[in-house]
Amino acid sequence: MNELDAHVTRIVGSVVASPQRRLAMRQELLSHLDQVYADEAARHSSQTEAIEASIRRLGDADQLIQELQSSVPFRDIVGRAFRWAVICLILEIFLALPLLAVSTLDAFVPTEPSLVTYAEQVHAARFRLMLTTMLSSQVMIAVFVFALTLLYFWQQRLIRLSRRPFLVLTLGAATTGLVVLAGGLLLNRTATGEMIVSVSYFVRWTYIAIAAALAVSVLPPIIGSQLRRYRSWRQWHVLTTDSSNGSETDAGGKLAMS
Amino acid sequence: MSIINGNKVRGHLDTMILSMLEDRPAHGFELLRQLEAAGDGRLKMKEGSLYPALYRLEEAGYVKAEWEDGTSGRRGARRRYYKLTKKGHRLLAANRKEWTEFVEVVGAIVGATA
């Protein structure tokens, strides 16, 4: 029923929410009205009367808009203003984390055989922990942005960390932190020998593994959710355009919400 | 037989929904029919009001919703089935206890019991 479709679209279109949520609301209300209409069609001889009765049963449109709006969580409303977080996270993973890893490794242990000559020139053959202002700032900024971004995505339910991966990631991060700390202290004390080289390798590969694990576990869901958001936005755009033109819209066929 | 309209049950709608979902999952329209049947035909509410309540309950984690796989040969949009979560069961039990106490106390004062 085009009238029912237009009525629902008008109501849901007035609710401030993400396209995904509005599409879900629209489909559910439309499904409800379909069934109400089947009831009313059996009672009324005219189609127009049945449609009017169905719309009446749904309730006052303005009141329903208010009630629907009150059911939209705040994060869904403000979330739309923070799309930049996606860019932040991508920058974080592809730029800040490698930068952080490289800087840290350079400060801690430039002892890989191929870098020894370079290291000897730069560090005068004595390796020590160099927590410079630049490195400290980099670490703080990277950790802060990364934590904020992850928190944002978690709140938005764009990523869902079940207990086991979360535990593994946390333990991995904690172990790495301890290893880095112990490696730094060790380097400060001895500064030479095979152990330094092995620690440097361990630290380096642990960092790479952690960064890869983060990228693998976090990026695909984020990209997927952004694609879904985009598709929902497109669907919503098409549906609202169709309704405003008064053309036929097959809601059940066009909407394929997951 | 007096009719109880939506405004009178507004504060209790959440508990009534949870109660209807206690035994088995249901979609919005079915839930409304169950509520009306349980109310012996005396409960009349604006049908749209059910959905904001369901969304709030879902957001709070008291119910979980799933879209049906297909329309099973039926015409129209897909339905969304709601089922009670463990948290929802706990809330329902707490609300029932509270309601029983309320009826006992207020009933005794007003001079009628449920």
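Read the figures in this text as sums done on the coordinates, not as results from a lab. Small disclaimer: the values here were computed from a predicted structure and weren't measured. Methodologically, a virtual Cβ is constructed for each residue, glycine included, from the backbone with ideal geometry; neighbour enumeration extends over all protein chains shown.
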| What average number of partner chain Cβ atoms lie no more than 10 Å from the Cβ of the residues making up B:52-64? | 3
| query | Out of residues 5 or more away from residue B:26 or on other chains, whose amide H comes under 5 Å of its own, with H placed 1.01 Å from N in the peptide plane? | reply | B:82
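Averaged over its residues, how many other protein chain Cβ atoms are within 10 Å of peptide B:25-31's Cβ atoms? Let's see the in-between values first.
On the way: counts 0, 0, 4, 5, 9, 1, 0.
That average works out to 3.
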| query | Among A:63, A:38, A:51, whose Cα lies farthest out toward the positive end of the dipole of region A:2-74, if unit charges sit on the beta carbon of Lys, Arg (+1) and Asp, Glu (-1)? | reply | A:63
| What order do you get for A:17-25, B:61-69, A:53-61, A:30-38 when each peptide is scored by the mean count of other beta carbon atoms within 10 Å, highest first? | A:30-38, A:17-25, A:53-61, B:61-69
| query | Where the only charges are on Cβ atoms (+1 Lys, Arg; -1 Asp, Glu), what is the dipole of region B:4-110 about its Cα centre, to the nearest 20 debye? | reply | 280 debye
| note | Interchain or sequence-distant (5+) residues whose placed amide H lies within less than 5 Å of the amide H of residue B:46 are B:6
| note | A correct Karplus calculation of ³J(HN,Hα) over region B:88-101, with 6.51 cos²θ - 1.76 cosθ + 1.60, θ = phi - 60°, whole Hz and x for Gly and Pro, returns x, 4, 5, 5, 4, 4, 5, 5, 5, 4, 4, 5, 4, 5
| remark: Of all C-alpha pairs within chain B, those more than 22 angstrom apart amount in percent to 40 percent
| task | Calculate the mean, over all residues of peptide A:58-68, of how many other protein chain Cβ atoms lie within 10 angstrom of the residue's Cβ. | result | 4
| query | Taking the highest mean first, how do the peptides A:62-69, B:15-22 order by number of other beta carbon atoms within 10 angstrom per residue? | reply | B:15-22, A:62-69
